[in-house]
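The values are calculated or read from the model by the stated rules, or taken from the named source; none is laboratory data. All values derive from a computational prediction rather than experimental measurement. We place every Cβ from the backbone using ideal geometry, glycine too, and count neighbours over all the protein chains shown. SASA here: full protein model, heavy atoms, side chains in, ligands and nucleic acids out. Shrake-Rupley method; radii C 1.70, N 1.55, O 1.52, S 1.80 Å.
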Amino acid sequence: MLKPRLSVKEILHQDPDPKQVHTIMGWVRTFRNNQFISLSDGSGPDVLQVVLELGKFDENLLKRITTGACLKISGKLVASPAKGQSVELLADAVEVLGDCDAEKYPLQPKKHSLEFLREIGHLRMRTQTFGAIFRLRNTAAFAIHKFFQEKGFLYIHTPIITASDAEGAGEMFRVTTLDLNHVPKNEAGEVDYSKDFFHRSANLTVSGQLEGELAAMAFSKIYTFGPTFRAENSNTTRHLAEFWMIEPEMAFYDLEDNMNLAEEMLKYIIGECIKQNDKDLDFLNKRWEEEERQKPAAERYPMNLLQRLQFVLEHPFERLTYTQAIEILQNSNYNKKKKFKYPVDRWGIDLQSEHERYLVEKHFQKPVILTDYPKDIKAFYMRLNEDGKTVRAMDILFPGIGEIVGGSQREERYEYLLQRMREMNIPEKELWWYLDTRRFGTCPHSGFGLGFERLVQFITGMGNIRDVIPFPRFPGHVEF
Ligand code: 4AD
Ligand code: MG
């Protein structure tokens, strides 16, 4: 039996005791002077220093203690004279569970570029940086469940394979078992999906919202937290083909209730990460400061990572309408001096990320919630305002990220919804069940979607979304 044993994190909290023998397992980060092993098992940011008495261990064994090797070590915990740690393990016995050929092991104890580490995604989790990122990701995920559970929300699993396109955006991955070399065709020469697995065309979900709305019509307050797929060909630092989304949906919430909930949620998650992963954040903060120092002074962010997180916690998000935002952008010196790639020349344009970032980083210098967008640039299900031109939409924009949350009050009026669907060519026949909720006990309701990776990006300060998900999927990349 390999268990029970203490993790590195647990043992570092123990008091030295010359009588008690501990057994510990983990991977070698470094081995110095044939004497000092720093051992990591990923349980926390700290490594355990293991001390081998000179002359006590066989030469052949010592040769096998290399960076990356997996060891089982028994020994006693003693007070450590080294700085930065209170205890260390004085080894009695060392067993190599898994050798690691130092010549071939790609992870050397030195600084590697993030690009290189992405190519060795199967190993990068063993580095300090990715250890910190994925521990924070774990804390954030659990905090989301805690937040909603404590508020009485029901966690519901929406389908991953669907026949509908929730966003009406049409950038979906098809799911099929048809033989692509012999695709069955109908008389019109089109693919005959009636011969496919589901007897109709199916795809991976782009959002669980529509099914989430059905659940909110039964349980009042629900949330989903699941994978989402978008076949958009965007090679940016903010887009993935597979990402995780949190989608709460609430009956009897209007847009303001919706915004309040989203703001409270974001602050709660960030607060939990600061509380529970302070050392991981300190590490990432140092990394951030180093990177900032490389930049020309004018491009540096006015705060470090920790200050930025604290700032978001302490300040209310700025709330304004799309129309007000367009005015600010149009009148900005930036626009007048033609510094935007896409000039802001009229009401109705879709905001580009450069515009969002101007509002957040230059103008308000804090998170911003934009509401009441033109209906033509938003999805069919958003509630139409009295003006007939705008909808009860809200996007939350974060510094360094741009859009982190997208949501709305939903169109709960059957006639209005039907009309919007017709105007936007959303097939009524396919969404009969969605329309049904507006026929059978409809009610005002709202919801939003939080892109989980964008949040983890914000918390960890990582510049590229591919570095905050263990195995990123993006155009041309589906390794591991
Ligand atoms: O704004 P989006 O497309 O909204 C929806 O899907 C709604 N159905 C949500 C709802 O109201 N229930 O996506 C929501 C969020 C975005 O704000 C962004 O943070 C993230 O999902 N997101 C992506 N994250 C990574 N890669 C992508 N390709 C993303 N597309 C959207
Ligand atoms: Mg959006």
Length gained if Arg439 through Val191 is fully extended, taking 0.36 nm per residue and subtracting the Cα-Cα distance, is 85.9 nm
Per its Cα gyration tensor (rounded if a/c is under 1.5, else prolate when a/b beats b/c, else oblate), region 329-378 is best filed as oblate
Checked the chain with the C-alpha gyration tensor, a ≥ b ≥ c its square-rooted eigenvalues, rounded below a/c of 1.5, otherwise prolate if a/b is larger than b/c and oblate if not; verdict prolate
For region 268-414, shape from the Cα gyration tensor axes a ≥ b ≥ c, cut at a/c of 1.5 then a/b versus b/c, turns out oblate
Any lysines whose Cα falls less than 25 Å from that of Lys9, other than same-chain ones fewer than 8 residues away, would be Lys19, Lys72, Lys76, Lys83, Lys110, Lys111, Lys146, Lys275, Lys279, Lys286
Length-normalised contact order of the chain, Cα under 8 Å, at least 6 apart, in percent, tallies to 13 percent
Length-normalised contact order of region 5-164, Cα under 8 Å, at least 6 apart, in percent, tallies to 19 percent
Using alpha carbon centers only, region 358-378 is separated from region 73-102 by a whole-angstrom value of 53 Å
Expected unfolding gain across Leu97-Trp432 under the 0.36 nm per residue rule, minus the alpha-carbon gap, is 114.8 nm
Taking r as the C-beta separation of Lys336 and Lys389 and R0 as 35 Å, the FRET efficiency to the nearest 0.05 is 0.85
Taking a probe of 1.4 Å and leaving out DNA, RNA and ligands, the chain shows per residue an accessible area in Å² of 50 Å²
In degrees, nearest 10, the alpha-carbon axis of helix 209-219 is tilted away from the dominant principal axis of the alpha carbons of the chain by 90 degrees
Measuring from the longest principal axis of the C-alpha atoms of the chain, the long axis of helix 278-294 (C-alpha) lies at a number of degrees, nearest 10, equal to 80 degrees
Taking Cα atoms only, helix 305-314 is inclined relative to the longest principal axis of the chain by an angle, in degrees rounded to 10, of 50 degrees
The summed charge of the Tyr414 Cβ neighbourhood (under 14 Å; Lys/Arg +1, Asp/Glu -1) stands at +1
Per-residue ellipticity at 222 nm attributable to helices in the chain (runs of n ≥ 4 DSSP H, -39500 (n - 2.57) apiece, nearest 500 deg cm²/dmol) works out to -9000 deg cm²/dmol
Put His13, His22 in order of accessible area, largest first, probe 1.4 Å, and you get His13, His22
Relative contact order of region 254-339 (C-alpha contacts under 8 Å, at least 6 apart) in percent is 27 percent
With all protein chains present, the chain has a carbon and sulfur share of its accessible area (1.4 Å probe) in percent of 51 percent
